Every structure is written in C-alpha cells, then in structure tokens.
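Asks: Could you have a look at this structure, given as structure tokens, before my questions?
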Amino acid sequence: PAESGVDDAALEAIPRAQPQALSLPALGSGDASAVFPSSLASGDPSASGAVLWTRLNPELLQAGVDLLWEIAEDAAFTRPVVAGRHSLATLDPRHDGCIKLDTDGLLQSNRFYYYRFAYAGTSSRVGRLRTLPREDEAVERLKLLVTCCQDYTFAYFHAFAEMATVEADYLLHLGDFIYESAIAPLRRLPLPSGASYASSREDLLTIYRAHRSDADLRALLERHTLLATFDDHEFANDLYFDGSRPRGPDHPLDEDPAAMSAYVREALDVWYRYLPVRVRYRPKAAFPEVMQVERSFRFGKLAELALTELRMQRSPHPCGEGRFGQRQLVPESGCEARQDAGRTLLGSRQKQWLLDTLKGSDAQWRG
C-alpha cells in the first residue's frame, strides 16, 4: 500500500534477477563456509518467484567478480531452470556483504525449487524455496512452521534443527529475529561498543552475524521459504513511537531523542538487509513512513495471510514507564488509561489496510 503525499521515488527496490545462459561451478566447489558465512535464504514468495538472499564474506570480495545464481527443479541441479549473474560493483560496504535478488516472474506457481549462488569458483550450499499458488488455484492443505523470539545469548536453537527436517510449505516468523541485548551468559556475545545493549550499526551487525552463524538457524532458512515481520527486539525492548521519535524505555539511548532515532533507523536498515523480505522501504522518509511491512500472502483459494507490525504506529504505554510493573504487571484497577478510546496497536492506516485485505479476500480462510 502507498500513502498519498509520500514520494515513491525514494522507495528502495530489490535488484531483479537477470537470467543469462551460464554454468556455475560444481556443487561443493570451494569453501562455502568461508565465502558464504551466513549461507542463504529465500522469502516473500509470489506465484512466480521469491526473494533470494545470501551474504558474501566482505573480506573475500574481488573487484570485477560477479555473483552467480542458479535455480533448478532438483537438489542435484541436474534439471536447471534459470541462472544468471549479478554485478557487485555497486554493493554498499554498509550492507555487510548482504545481497537480495528478486526472482518474481521467473518461476511456476505452487512448486518447490532449489537454488544456490557461486562466487569466485566457490558454490554456496543449496537452498529450497516454494512459490505461492495462483490466487485461483485449488489448494487442499497448507502447513506453516511458526517461530519468533530467538535470542542467541539466551538459548541454543535445537528446535530449529528439528524444524529443518519437517516437511512444510513455508516458515512464518513473527518477529524478534534477534535480541538487541547481549546480557545472557549462555552464549557470550561481546559487542564492539563494549555495552550490553546494541547502540550502533556495528553492534547490530555483530548480533546478526552471530545469529546467522548458528548452524540450526542456517539449516532452517535453507530449507523453508520465510514470511517475516519484526517486533521490538530487532530494535529495543517495548519499542514504540512517541510522535515522530522512537522510544525504548529500557534502552540506554532512550533519553537522547536524536541518538535513539538514528539507532532505530540503523536497526531498520540492518533488518532489511539481513532478511529476504520485500517490504516498502524508504530510508530517508520520516517515521513511521520509513518502512511499511504490511503485506499479504495468498495461498490459492484456501487461505490469505496478512502480516502487520505492532511497533511503529502503536500508542504509548498507558500507565508509565518507570517501574517494571508500570508496563508489564499493571492491575486493571490501577490503570484506567488502558481503556481510553483511540488507543491502538496497529495505527489507523495499517488497521484500515488489514480490514480491507481481510474483507476483500475471497479465500476460504483469512487471518
């Protein structure tokens, strides 16, 4: 959805995958873990493609060497479908080697495909993607894997290893792909700033690299196409926007509006770079127009799933932010402001989009 008065010329576009007749190095060529340290992922499927994602080791980039990509019907790539090359001449160093390609328009609907990348003679690991059915396509069943709230320092990701072996159609991630804190002792994660909470782009990149270094998370994203939104811990605990500025009551930058705003912009950008998402992103726009993640996925005639976010347009906390209990443990009798008319999680524009999407859909199941 586009808002009136917002310049779509500032909208960041994902590069389109450009097909070309070429051959990639054989599967297993080179050291994939060194060249592609975060492996690969797919996300935001359409009925004719998906967004492909990988990350190249910035230290191994070579001038004039293109990234190659290939999609096939089988994991051995004996039945190739389409391939191409992508120039890295304009790759921004701030993106930490992250690359997204949009293959919309290149594939058939409601099918599994296998994909890989290659760079300087090294082949990546193999990923699997699934395109959406056409809107008018009869679909008998839909199986989603659902996850959220993964904190690298607080837990190991054994459940992801199990989920990677489960046969399913898509992976739904409801947010908190990372945690901005590095305070739990289970897996220590020193931040460049030396602090316990991310406060800079390099802190955030360090956290994303750590999460994507986990073999179980890599396996999950290699196996299942991702449908994702964000929550608060991609930025700061209990994030909301007070007028035009972000607030994170527990974050060390919260008392400095300019610093907090700059930090949240960096966090939005790093989330966008590190996930295979196709969202409306205008890096220079004002909050909350800088990013709109609401979008829907149609699974033929069977179902339509609408994804929203609940942070950038929500109302402030009704009963204060000083003590822990003022936000998390407020009795009904002590917080009458919770009942005030006009309080919202979605915001008026996003709420209207959600209502229009659900009411306008003719899918059997809508949510």
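The values are calculated or read from the model by the stated rules, or taken from the named source; none is laboratory data. Small disclaimer: the values here were computed from a predicted structure and weren't measured. Heads up, the Cβs are rebuilt from the backbone with ideal geometry, glycines too, and the neighbour counts pull from every protein chain shown. Surface accessibility is based on the protein's heavy atoms, side chains included, excluding ligands, DNA and RNA. Shrake-Rupley method; radii C 1.70, N 1.55, O 1.52, S 1.80 Å.
Asks: Starting from the residue with the highest accessible area, list LEU107, LEU11, LEU345 in decreasing order, probe 1.4 Å.
Replies: From most accessible down to least: LEU345, LEU11, LEU107.
Asks: Take the solvent-accessible surface of the protein heavy atoms, probe 1.4 Å, and return the percent of it on the chain that carbon and sulfur atoms account for.
Replies: C and S atoms contribute 51 percent here.
Asks: Would you grab the residues whose amide H sits under 5 Å from the one on ARG366? Only those 5+ places off in sequence or on another chain, please, with H modelled 1.01 Å from N.
Replies: Amide H to amide H, under 5 Å and 5 or more residues apart or across chains, ARG366 pairs with GLU304.
Asks: Given a 1.4 Å probe and the protein chains all in place, what does the accessible area of ARG85 round to, in Å² to the nearest 10?
Replies: About 100 Å², ignoring ligands and nucleic acids.
Asks: Evaluate the distance, in nm, between pseudo-label points positioned 7 Å from the Cα of ARG349 and of ALA184 along their respective Cα→Cβ axes.
Replies: 3.5
Asks: Something else about it: How would MET163, MET260 line up by accessible area, probe 1.4 Å, largest first?
Replies: Descending accessible area places them as MET163, MET260.
Asks: Hey, which lysines would be in cross-link range of LYS301, C-alpha to C-alpha under 21 Å, not counting anything within fewer than 8 residues on its own chain?
Replies: Cross-link targets: LYS143, LYS359.
Asks: When all protein chains stay in place, what accessible area (Å², nearest 10, 1.4 Å probe) is found for GLU12?
Replies: Using a 1.4 Å probe on the heavy atoms, I get roughly 50 Å².
Asks: Could you tell me which Cys residues in the chain have no other cysteine's Cβ under 4.7 Å from their own Cβ, answering none if every one has a partner?
Replies: Taking the Cβ cut-off of 4.7 Å, the unpaired cysteines of the chain are CYS98.
Asks: Before rounding to the nearest 500, sum -39500 (n - 2.57) across all DSSP H runs of length at least 4 in the chain and divide by the residue total; then give [θ] at 222 nm in deg cm²/dmol.
Replies: So the helix-based figure for the chain works out to -5500 deg cm²/dmol.
Asks: For the chain, what is the relative contact order in percent, using Cα pairs closer than 8 Å and at least 6 residues apart in sequence?
Replies: 17
Asks: Collect residues whose amide H, placed 1.01 Å from N in the peptide plane, falls under 5 Å from the amide H of ARG247; neighbours closer than 5 in sequence don't count.
Replies: Under 5 Å from the amide H of ARG247 lie the amide H atoms of TYR240, PHE241, ASP242, each far enough along the sequence or on another chain.
Asks: For Rg and Dmax of the Cα atoms in Å, several values are listed as (i) 21.0, 69; (ii) 26.2, 97; (iii) 22.5, 74; flag the one computed from this structure.
Replies: After the calculation, the listed value that fits is (i).
Asks: Using a 1.4 angstrom probe with every protein chain in place, what is the largest-first accessible-area order of TRP271, TRP365, TRP353?
Replies: TRP365, TRP353, TRP271
Asks: With everything on Cα atoms, drop me the angle between helix 201-213 and the longest principal axis of the chain, reported from 0 to 90° to the nearest 10.
Replies: The angle comes out near 50 degrees.
Asks: Quote the convex hull volume per residue of region 41-180, based on C-alpha atoms, as a whole number of Å³.
Replies: Normalising the Cα hull of region 41-180 by residue number yields 146 Å³.
Asks: Okay, next question. Relative to the first principal axis of the alpha-carbon coordinates of the chain, what is the inclination of helix 348-360, with its axis defined by its Cα atoms, in degrees from 0 to 90 and to the nearest 10?
Replies: Compared with the principal axis, the helix lies near 50 degrees.
Asks: On to the next question. For LYS100, go through the lysines and keep the ones whose alpha-carbon is under 25 Å away, minus same-chain ones fewer than eight residues off.
Replies: The qualifying lysines are LYS284.
Asks: Counting other Cβ atoms within 10 Å of each Cβ, which trypsin sites (Lys or Arg not before Pro) in region 162-245 have at most 13 and sit in a DSSP loop?
Replies: Hits after loop and neighbour filter: ARG188.
Asks: Between ALA258 and ARG16, how many nm apart are label points set 7 Å from Cα along the C-beta direction?
Replies: Calculated label separation equals 4.2 nm.
Asks: Obtain the nm distance between the two label points defined at THR165 and SER23 by a simple spin-label model: each point lies 7 Å from its Cα along the Cα-to-C-beta direction.
Replies: Going from the THR165 label point to the SER23 one covers 3.7 nm.
Asks: Taking a spot 7 Å from the Cα of ARG134 along the direction of its beta carbon, which residues of region 97-126 have an amide N less than 19 Å from it?
Replies: 104-113
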